[in-house]
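**Q** Below: one structure in structure tokens.
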Amino acid sequence: MYEIDQQTIRFSNGKKHCFPAAVVEAIDFEESIVVRLAETHPLILQNVVGIDYQGKFLWNIPMPRSFRPQNPYVCLYRKGNYVEVLSWDGHIVTLLPKQGTIVGEDFYSGGVGHSRRTASTRVWI
């Protein structure tokens, strides 16, 4: 069990992690939790981390793969046993949630399969 309070995640065994920005998303997997920090701080670009349920820090995501390296990650998605992470400029990185290993990369095109919202279809009258 764990509890998130602003910039801190606390575990039932007493361990805690304090981050430099607020925790805005967390996805539970079998052996780990993937956490995304707010992208409000200009120096925090590697804003996705993996932590196990005992509070052990497992990994930090690589720098964003993007057209501009200062674009942070803005969304997490669970895709089966993987986590997909979307950067500000639309790059999608697929990771193993326990190891943080990149297993795929793509570019968000607005298609089916991602829960990122797109504009509704316009109908002209």
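The values are calculated or read from the model by the stated rules, or taken from the named source; none is laboratory data. Here the structure is a predicted model, which is why all the values come from computation and not from measurement. Quick reminder, even Gly has a Cβ in these numbers, built from the backbone with ideal geometry, and neighbours come from all protein chains shown. Just so you know, the surface numbers come from the protein's heavy atoms only, side chains and all, with ligands and any DNA or RNA stripped out. Shrake-Rupley method; radii C 1.70, N 1.55, O 1.52, S 1.80 Å.
**Q** If ARG65 passes every condition in (1) at pLDDT 90 or above; (2) among the basic types (Lys, Arg); (3) within 27 Å of PHE107 (Cβ to Cβ) but one, which one does it miss?
**A** The number of the failed condition is (1).
**Q** Here is a list of conditions, (1) modelled with pLDDT under 75; (2) out of contact with any Asp or Glu (no Cβ under 9 Å at 6 or more places or on another chain), and ASN71 meets all of them except one; can you say which number that is?
**A** Exception for ASN71: condition (2).
**Q** Report every pair of residues separated by at least 6 positions or lying on different chains whose Cβ atoms are under 9 Å apart, first residue within the range 70-86 and in contact (Cβ under 8 Å) with a residue 60 or more places away in the chain and hydrophobic (A, V, I, L, M, F, W, C), second in a loop (DSSP other than H, G, I, E, B) and surrounded by 15 or more Cβ atoms within 10 Å (Cβ to Cβ).
**A** Final answer for the pair search is none.
**Q** Mind checking which residues of the range 7-25 are open to solvent by 50 Å² or more (accessible area, probe 1.4 Å) and polar (S, T, N, Q)?
**A** GLN7, SER12, ASN13
**Q** List the residue pairs whose Cβ atoms are under 6 Å apart, where the first residue sits in the range 51-64 and is open to solvent by 20 Å² or more (accessible area, probe 1.4 Å), the second is charged (D, E, K, R), and the two are 6 or more positions apart or on different chains.
**A** Going by the 6 Å Cβ cut-off, the qualifying pairs are LEU58/ASP52.
**Q** Then there's this: Within the set of pairs 6 or more residues apart or between chains, which connect a residue that is more than 18 Å from GLN99 (Cβ to Cβ) inside the range 17-33 to a residue that is among the aromatic types (Phe, Trp, Tyr) and not in a loop (DSSP other than H, G, I, E, B) with Cβ atoms less than 7 Å apart?
**A** HIS17/PHE57
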